[in-house]
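The values are calculated or read from the model by the stated rules, or taken from the named source; none is laboratory data. These numbers were taken from a predicted model, which means no experiment stands behind them. When we count neighbours, we look across all protein chains shown, and the Cβ atoms used for this are built from the backbone with ideal geometry, even at glycine.
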Amino acid sequence: MSESENIENRKISRRKALSTAGKVAISAIVAGAVAGVGGYLAGSAGVKKETETVTVTNTVTTKIPGTTVTVTAPGTPGATITKTETVTTSVTSAPPEVGIEEWLKKAAEPFKGATIRIVTESTPPSMWVQKALVPRFEELTGIKVEMELLGWDDVFKKALLDIEGKSGIYDLYYVDELEVMATFFDKDGIVDMYDLMETKADLVYPDFDLADLIPVPYFTYEGKLAGIPFEFFLRLYTYRRDLFEDPTERKNFEGKYGWELAPPKTWDEYEQIAEFFTRPPDLYGHITMASPGTIAFDYWMLAWTYGVPNGGLTIGRRVSTDEGGLLDSQRSIDFFQRYLNLLKYGPPGIANFTWDELRSEFMTGRIAQGIVFGDQLPDVVGSPDSKVRGKVDVALPPVEPKYYFPGLPTIYGDMGVWAISSTSKNKEAALLFLQWVACKENAAKEMVDLGGLCTRKSLLFGPLADEVDKKYNWHYLKVVKEAIMSNLATGPFATVPEILTYRDILYTWLSKAVTGELSSEEALRSAASEIDKKMKELGF
């Protein structure tokens, strides 16, 4: 049976097929910034910051303790300015000699009349690009863009079928997982963007600045770049600020639990908050993705907070403690038992909740807290349909002090690229479109319009981030910066194609525990045994 046929048998929506977060932690961007534990034990204030404004027309390198953040401003490369203290930098740069629109018009002349076909997940960023950027690109270039927006599983299936059949139906594939990227590259299904941008240097906008895009290090596989990033966000602890700031709620909470109501630092605190705010049918203290299709992803991401990285998987493709893994370790069992215990504080139907319900349930106003994806939050805090508009904020997720150790990432970094098909007949036109979507000007527009998304370091560490947070009356981008500087974000899984097999086995066993058929320990030990056996059959 081919991989595409295997995928046909999986009925999984967005994030149901999400694989495991590779330990490509965002140290690839700001390596070893502040020790990860700092954000939890040192408080939100963290490191003392000093602000400086630099006006340049070349590259400015800003030194943060243990790392370098580079912000590229237009102009001829020359000397760099390096700061050895911790700073945040506002860069006022000279405008490029030719703006993106003027450059794009000229560069696209040979490709007028071409049609770019994209198969992509129906994420808020994809829908925003279709509405906000595609019409202007078509007007400027004469190149037509057709976007097919589908659920994650259908996108993967169609892309894989196109690659295996060398059909060339699509020019661009949506890729948001590292094991999918590795699979596509191994099948020679996608183009190396580094190579394409080198051989087609005349089609690269001089001020594009590829290195400024946060997800680039993640989507590099064996020295090849899978695509141009257009989305980046984190899954953060999300809470009803209006409830947490209510004087009566605060007084009653402290009287019952003996500490001031605030975003939790530990899972014990999280569970107390969940218990306190569970008042059915109007209010519940917890939400998560416990459906059979998404629970394996929830396990992979949240178990980091219990000291279980990468789903307990070793580089030798083993997960049991007998084989050096952590899937059936005591810390993993304790985590999953906590996960099961918390379900009683969620609304009816939580055992079947997926990615979609994290957003929709929060918008109803009956959820007090949860750990939610950043691309869902703009609707929660900004949509006229949301009953908690302007009443929500975010913080770092809680950890388990017994098992968590300093420096271990705890936050899932979600990000996506559009990869150019190896069989595309419109590679050059596709390259132009990708640069239009991810250029600095449009990245800033996306940041303002969607609030919880920022793809560029220069924007995240620039003044616009504070302005966007103010617009949405929250601290999302401030917390993202803290997570990055504290080295707390994981990447979108690992460059291990076998993660697809791992996940399929894991969600089957975890779901048996949700229904009460097995205990947390029985489920994890059974999953570990079957996964190890399968990996041996695959030759590992």
Selection count where residues are without any contact (Cβ under 8 Å) to a residue 60 or more places away in the chain and surrounded by 23 or more Cβ atoms within 10 Å (Cβ to Cβ), scope region 471-508: 1
Residue check, I228 β-branched (V, I, T), closer than 30 Å to P397 by Cα and touching a strand residue (DSSP E or B) at 6+ places or on another chain (Cβ under 8 Å): yes
Condition broken by L432, with the remaining ones in (1) out of contact with any strand residue (DSSP E or B) (no Cβ under 7 Å at 6 or more places or on another chain); (2) crowded, with 21+ Cβ neighbours inside 10 Å; (3) farther than 17 Å from M193 by Cβ; (4) not acidic (D, E) satisfied: (3)
Positions within region 168-224 being within 18 Å of G416 (Cβ to Cβ), part of a loop (DSSP other than H, G, I, E, B) and modelled with pLDDT under 95, in sequence order: D176, E177, I214, P215, V216, P217, Y218, F219
Within region 389-404, considering residues that are touching a residue at least 24 places away in the same chain (Cβ under 8 Å) and under 23 Å from E446 (Cβ atoms), the one surrounded by the fewest Cβ atoms within 10 Å (Cβ to Cβ): G390
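What strands (runs of 3 or more DSSP E) completely inside region 337-440 contain at least 1 residues that are touching a His at 6+ places or on another chain (Cβ under 8 Å)?
Details: elements: 369-373, 392-395, 411-420.
Ranges flagged: 369-373, 392-395.
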Hits in region 242-267 - residues which are under 26 Å from the mean Cα position of the chain (by Cα) and more than 23 Å from W355 (Cβ to Cβ): A262, K265, T266
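Name every residue in region 392-438 that is closer than 25 Å to N310 by Cα and among the hydrophobic types (A, V, I, L, M, F, W, C), in order of residue number.
Quick first cut of region 392-438, residues closer than 25 Å to N310 by Cα only: 394-419.
The answer is V394, A395, L396, V399, F405, L408, I411, M415, V417, W418, A419.
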Counted residues, region 168-187 - those being surrounded by fewer than 20 Cβ atoms within 10 Å (Cβ to Cβ) and closer than 18 Å to N426 by Cβ: 2
Residue within region 151-162 that is at pLDDT 95 or above and within 15 Å of K425 (Cα to Cα) present: yes
Single residue of D322, D242 found to be within 20 Å of L377 (Cβ to Cβ) and assigned to a helix (DSSP H, G or I): D242
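Only one of G165, G142, G223 is small (G, A, S), farther than 30 Å from W103 by Cα and surrounded by fewer than 19 Cβ atoms within 10 Å (Cβ to Cβ); which?
Numbers: G142 fails: farther than 30 Å from W103 by Cα; G223 fails: farther than 30 Å from W103 by Cα.
Just a single option satisfies the conditions, and that option is G165.
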V216 vs. criteria hydrophobic (A, V, I, L, M, F, W, C), in contact (Cβ under 8 Å) with a residue 12 or more places away in the chain and touching a Phe, Trp or Tyr at 6+ places or on another chain (Cβ under 9 Å): no
